[in-house]
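Just so it is clear, none of the values below were taken in a lab; they were calculated from the coordinates. Because the structure is predicted, anything quoted here is derived from the model rather than measured. Backbone-built Cβ (ideal geometry, glycine too); neighbour counts: all protein chains shown.
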Amino acid sequence: EAVAACGKIRQDVTTGCTVRMEVAKKNMEKGKDGLFKQIHGESGVELFVERLYDMIISDSRIQGFFVGKNISQIREGLKLYFTELLGGPKIYKGRDLVDIHMALNLTDYHFDCFLS
């Protein structure tokens, strides 16, 4: 019975989902994503990344991952990444963040430290 009932509304559900996905895709292509606007665009992303890295490099539990690294370059790359991720212009040309962090052998402990 459940399968039959779902079958009757399937088209409405999938059509609604398709429409929402297309609207979201168009908004992302135009760089008009709500999150990007809510944080005041590029200046908001810059402020977020600056504060994030100020906290990271002062946290003794994870700061060792950044010893000898070019923090300015890392910050700049992350600004571009977050700008694109949040719906701004598609400007990030760097490596995949999963690949970058995989090589660091991070643990759940390190990730929890980062989030706290």
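Numerical summary
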quantity	calculated
Residues Met21 and Leu97, FRET efficiency given R0 of 25 Å [Cβ-Cβ distance, rounded to 0.05]	0.55
Length added when fully stretched, Leu35-Glu76, from 0.36 nm per residue minus Cα-Cα	12.8 nm
Mean Cβ count within 10 Å, highest first, over the residues of peptides 53-65, 103-115	53-65, 103-115
Straight-distance crosslink candidates among lysines, where the alpha carbon sits under 24 Å from Lys26 and sequence neighbours closer than 8 are dropped	Lys37, Lys79, Lys90, Lys93
Ellipsoid equivalent to the range 65-111 - semi-axes via the Cα gyration tensor, in Å	21, 14, 9
Distance between modelled label sites at Ile57 and Leu85, nm, 7 Å Cα→Cβ extension	2.0
